[in-house]
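This report refers to the structure that appears directly beneath it.
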Protein chains: 2
Amino acid sequence: MVASPIARLIQQLAKLPGVGEKTAARLAFHILRAAPEDAAALAAAITDVRQKIRFCSTCCDLTESDPCAICRDARREAGTVCVVAQPQDLMAVERAGGYRGKYHVLHGLLSPLDGVGPDDLRVAELVRRCADGAVQEAILATSPSIEGEATAVYLAKLLRPLGVRTTRIATGVPIGGELEYADQATLARAIDGRREM
Amino acid sequence: MVASPIARLIQQLAKLPGVGEKTAARLAFHILRAAPEDAAALAAAITDVRQKIRFCSTCCDLTESDPCAICRDARREAGTVCVVAQPQDLMAVERAGGYRGKYHVLHGLLSPLDGVGPDDLRVAELVRRCADGAVQEAILATSPSIEGEATAVYLAKLLRPLGVRTTRIATGVPIGGELEYADQATLARAIDGRREM
């Protein structure tokens, strides 16, 4: 018989995305055997993240302080806003380095089939920022998926009348990728998007 | 920039086995978006499991109360002890149903290459139980792996002189398995272990 605190932990861990019963059991027994300070740090980090994190009132990213560190940073160009679906995407662009503008996090993508419309995303906040006149360019950096493309097209139509230049991230064969293994759609886009050199 | 409570949570989650940076980020953002009571329940379950779980002084399973529920259960045959490597294995045997004896959890398998000897396992506790004379049969239910077999052979040699009947779980083609896909060793064992019918 499983002692109930273990069963409860397995049950809670199994609620995490991509974690089934067996993985949850493996994680639970790891937590049981880990150093006590590691288990305590994990529990504290979970509690902490829920208590301290809120949305930035400017860019809608998750932040500890409002406005967030990027929105507060005067060295970053306020005129360029990179529009992403999720905080994870913002992290990915930051990791890539080189981008010196600001961000806007939509918290999702338009998906009529799943009932996700513009009102479910942080679109009104983006329009408000752009209507101020402070934004010259919105880089639509949603994924090149069906929902990502649809969201980018929708936002471009919405922002252009406000005098904002709207651009879309480039699609093509990834750096280090093999032409041989690129899918047809990617390869077709890469050829369409070819540049002089 | 990632707000530091999120970064800390990702860092803590990435310490779990089989969880890399990207999975940790996905889990962290799930926890951020989950119902507040789910996040709180997960944090509490982690803290709880470390505070409330100890080893059963009889069978060495993880338990909330000592002796554990199975060791306390007078309806289970005290004369039969199923010896398993890990608490997870005990859970698997219990899930299978039908077994009405007791257990002994070794907390590992002999593995000389990794420096794991009998003193690193709960072998002394098993010998003590068997020396009492209350145990008639020890079912050696370690996995049919190299370490599992070696541990079973070692324990059989140790327990037989104490007058304990030692048996080994059957190996063969799994129920529902296809002969065609069974590996050579399993198939050879299945043929060696054939029974009258």
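The values are calculated or read from the model by the stated rules, or taken from the named source; none is laboratory data. Everything quoted here is computed from the prediction, not taken from an experiment. Neighbour counts are summed over all protein chains in view; Cβ atoms, including those assigned to glycine, are modelled from backbone coordinates with ideal geometry. To get the accessible areas, we keep the full protein, side chains included, count just its heavy atoms, and leave off ligands, DNA and RNA. Shrake-Rupley method; radii C 1.70, N 1.55, O 1.52, S 1.80 Å.
Which of the three applies to chain B, rounded, prolate or oblate, going by the alpha-carbon gyration tensor with a ≥ b ≥ c and a/c under 1.5 meaning rounded?
It is prolate, given that a/c is not under 1.5 and a/b is the larger ratio.
Count Lys and Arg as plus one, Asp and Glu as minus one, and take only other residues whose Cβ is under 12 Å from that of B:Val93; the net charge is then 0. For the set A:Lys22/B:Lys157; B:Lys102/B:Lys157; A:Lys15/B:Lys102; B:Lys15/B:Lys52; A:Lys15/A:Lys157, the pairs lying more than 29 angstrom apart at their alpha carbons are A:Lys22/B:Lys157; A:Lys15/B:Lys102; A:Lys15/A:Lys157. Close amide H pairs (under 5 Å, H built 1.01 Å from N) link B:Thr167 with B:Ala138, B:Ile139, B:Leu140, residues at least 5 positions away or on another chain. Each part reduced to its alpha carbon centroid, the range B:25-80 and the range A:51-102 end up 40 Å apart.
Calculated mean residue ellipticity at 222 nm for chain B: -13000 deg cm²/dmol, from DSSP H runs with n ≥ 4 weighted as -39500 (n - 2.57), summed, divided by the residue count and rounded to 500. Applying the criteria of a DSSP loop state and at most 10 other Cβ atoms within 10 Å to the GluC sites (Glu not before Pro) of the range B:144-197 yields B:Glu178, B:Glu196.
Simple rule: put +1 on each Lys or Arg Cβ and -1 on each Asp or Glu Cβ in the range A:64-155, find the dipole, and look at A:Gly148, A:Gly133, A:Ser111; the Cα lying farthest toward the positive end is A:Gly133.
Rounded to whole numbers, the Karplus 3J(HN,Hα) couplings from phi for the range B:74-85 are 6, 6, 8, 4, 6, x, 10, 10, 8, 9, 10, 6 Hz, using 6.51 cos²θ - 1.76 cosθ + 1.60 with θ = phi - 60°, and x at Gly and Pro. For the range B:1-60, the carbon plus sulfur part of the accessible surface works out to 57%, probe radius 1.4 Å. Interface B-A: total buried accessible area of about 4600 Å², 1.4 Å probe, protein heavy atoms only. Proximity of backbone amide H atoms, modeled 1.01 Å from N, is registered between A:Cys68 and A:Ser57, A:Thr58, A:Cys59 at under 5 Å, excluding neighbours fewer than 5 places apart on the same chain. A:Val93 exposes around 40 Å² of accessible area when a 1.4 Å probe is run over every protein chain in place. For the protein assembly as shown, place one equal point scatterer on every Cα, skip the solvent, and apply the Debye formula. What is log10 of I(q)/I(0) at q = 0.08, 0.09 Å⁻¹? Listed by q, the Debye log ratios stand at -0.64, -0.75.
Within the range B:164-185, whose backbone N sits under 20 Å from a point 7 Å along Cα→Cβ of B:Tyr99? Once the point is set 7 Å along Cα→Cβ of B:Tyr99, B:164-176 turn out to lie under 20 Å by backbone N, inside the range B:164-185.
Positive contributions from Lys and Arg (+1) and negative ones from Asp and Glu (-1), summed over other residues with Cβ under 12 Å from the Cβ of A:Lys102, come out at 0. A simple spin-label model places the labels of A:Ala182 and A:Ser145 2.2 nm from each other, with each point 7 Å out along Cα-to-Cβ. A label point on B:Ala74, set 7 Å along the Cα-to-Cβ line, lies at 8.0 nm from each of its counterparts in the other copies, closest listed first. Annotation: amide H of A:His104 within the under-5 Å range of A:Cys82, A:Val83, A:Val84, sequence separation 5 or more or interchain, hydrogens built in the peptide plane. Pairs of Cα atoms nearer than 8 Å and 6+ residues apart set the relative contact order; for chain B it is 13 percent. Projected label points at B:Ile191 and B:Ala170, each 7 Å from Cα along the beta carbon direction, are separated by 1.9 nanometres. In nanometres and ascending order, the distances from the A:Gly193 label point to those of the other copies are 5.6 (point 7 Å from Cα along Cα→Cβ). Using only the C-alpha atoms, the convex hull of the range B:13-66 corresponds to 86 Å³ per residue. Each of A:Val83, A:Ala34, A:Leu9 was scored by the projection of its Cα onto the charge dipole of the range A:1-93, and the greatest displacement toward the positive side belongs to A:Leu9; charges sit on the C-beta of Lys, Arg, Asp and Glu. Using the Cβ of A:Ser111 as centre and a radius below 10 Å, the other residues enclosed give a net charge of -3, where K and R count +1 and D and E count -1. Applying a DSSP loop filter and a limit of 10 other Cβ atoms within 10 Å to the trypsin sites (Lys or Arg not before Pro) in the range A:1-79 leaves A:Arg75. Between this copy and the others, label points of A:Ala124 are 6.9 nm apart in ascending order, each placed 7 angstrom from Cα in the Cβ direction.
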